[in-house]
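First the structure, in the form of structure tokens, and then the observations on it.
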Amino acid sequence: MKNLIVFGAPGAGKGTQSARIVHNHQLVHLSTGELFREALKNQTPVGMEAKAYLDKGLLVPDEVVVQMIREALHAHANAPGFIFDGFPRTKAQAAALDKLLEDIKAPITHVILLEVPDEELKERLKKRAEISARSDDANPNIIEKRIEVYKAETYPLRDYYAEHGKLFVVNGVGKEDEIAQKIQAIIA
Ligand code: ADP
């Protein structure tokens with residue numbers, strides 16, 4: 001069983017590369033950002049609670065995110081493995097995920113960190129704003145905020161996974177195909 005985390009800053013290409021891995025390995029793709037956007041669209045209680053955080057580029061509180069992941073894991077009890085995209089984003093979330101996966105005896109196998117310089121991230125998000133309906137991409141201040149939050153709260157997880165021997169750093173700049181091939185070689 002493979003359980004992967006695709007890790008990286010906003011705009012690093014987590015969603016794009018996750019979609020490819022899912023396609024090749026039949027894993028269940030869990031993107032917390034997508035789950036929140038879906039919940040918001042359907043005006044569920046989770047969606048309503050998340051809205052204020054998404055709009056400001058802040059992290060949704062850990063309990064809310066972890067509960068959502070817990071439910072998603074239960075809903076896919078027979079999955080051959082998962083790809084976590086945009087989760088975990090804090091140390092508390094990482095610890096909670098380890099515990100949830102311990103319960104189903106399927107630990108994280110690989111953490112793929114997509115590294116992209118800040119200037120390139122901002123360029124990409126600006127471009128994405130032109131074609132996507134994501135309000136958090138449209139405002140440069142919110143983009144700055146998301147990158148800042150990533151550095152402060154999420155990037156430190158790099159050390160956590162490196163200590164556990166699970167971290168694989170991939171240069172996220174280049175052709176999508178080439179990046180996908182590098183990831184494929186790591187998880188094959
Ligand atoms: P990106 O990484 O490009 O900013 P995502 O779609 O992964 O986009 O996330 C969008 C927003 O959803 C985040 O800015 C945050 O408000 C919320 N979010 C997503 N995942 C998490 C998480 N694991 N913990 C807290 N908030 C989250």
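The values are calculated or read from the model by the stated rules, or taken from the named source; none is laboratory data. Just so we're clear, the structure is a prediction, and the values are computed from it rather than from any experiment. Quick reminder, even Gly has a Cβ in these numbers, built from the backbone with ideal geometry, and neighbours come from all protein chains shown. Surface areas here come from the heavy atoms of the whole protein model, side chains and all, with no ligands, DNA or RNA. Shrake-Rupley method; radii C 1.70, N 1.55, O 1.52, S 1.80 Å.
Taking the Cα centre as origin and putting +1 on Lys and Arg beta-carbons and -1 on Asp and Glu beta-carbons, what dipole magnitude results for the chain, to the nearest 20 debye?
In total the dipole reaches around 220 debye.
How much mean residue ellipticity at 222 nm does the chain get from its helices, if each DSSP H run of length 4 or more adds -39500 (n - 2.57) and you divide by all residues, to the nearest 500 deg cm²/dmol?
-17500 deg cm²/dmol
Given labels modelled 7 Å from the Cα in the Cβ direction, how far is it in nm from Asp177 to Glu123?
2.1 nm
Determine the alpha carbon to alpha carbon distance for each of Lys91/Lys122; Lys41/Lys182; Lys2/Lys127; Lys41/Lys105; Lys105/Lys145 and list only those over 31 Å.
Lys41/Lys182; Lys2/Lys127; Lys41/Lys105; Lys105/Lys145
With all protein chains present, how much of the accessible area of the chain (probe radius 1.4 Å) comes from carbon and sulfur, to the nearest whole percent?
Here carbon and sulfur together make up 53 percent of the probe-accessible area.
Enter the accessible area per residue of the chain (Å², integer; probe 1.4 Å; all protein chains in place).
53 Å²
Could you go through segment 58-68 in sequence order and give the Karplus-derived ³J(HN,Hα) for each residue, using 6.51 cos²θ - 1.76 cosθ + 1.60 with θ = phi - 60°, rounded to whole Hz, and x for Gly and Pro?
The phi angles translate into 9, 7, 5, x, 3, 4, 5, 5, 5, 4, 5 Hz.
Under the Karplus relation 6.51 cos²θ - 1.76 cosθ + 1.60, θ = phi - 60°, what is the ordered set of whole-Hz ³J(HN,Hα) values for segment 79-90, x standing for Gly and Pro?
Going residue by residue, I get 5, x, x, 10, 10, 8, 10, x, 8, x, 10, 9 Hz, with x marking Gly and Pro.
Taking amide hydrogens as modeled 1.01 Å from N in the peptide plane, which residues meet the under 5 Å criterion relative to His29, leaving out close sequence neighbours?
Here the answer is Ile83, since their amide H atoms fall under 5 Å of that of His29.
On each of the three principal axes of the Cα atoms of segment 98-188, give max minus min coordinate, whole Å, ordered largest first.
Principal axes ranked by extent give 42, 29, 23 Å for the Cα atoms.
May I ask you to evaluate 6.51 cos²θ - 1.76 cosθ + 1.60, the Karplus curve with θ = phi - 60°, for each residue of segment 164-177 and list the ³J(HN,Hα) values in order in whole Hz, giving x for glycine and proline?
Going residue by residue, I get 8, x, 10, 8, 10, 9, 10, 5, x, 9, x, 6, 3, 4 Hz, with x marking Gly and Pro.
I need the per residue convex hull volume for the chain, using only the alpha carbons, in cubic angstrom as a whole number.
114 Å³
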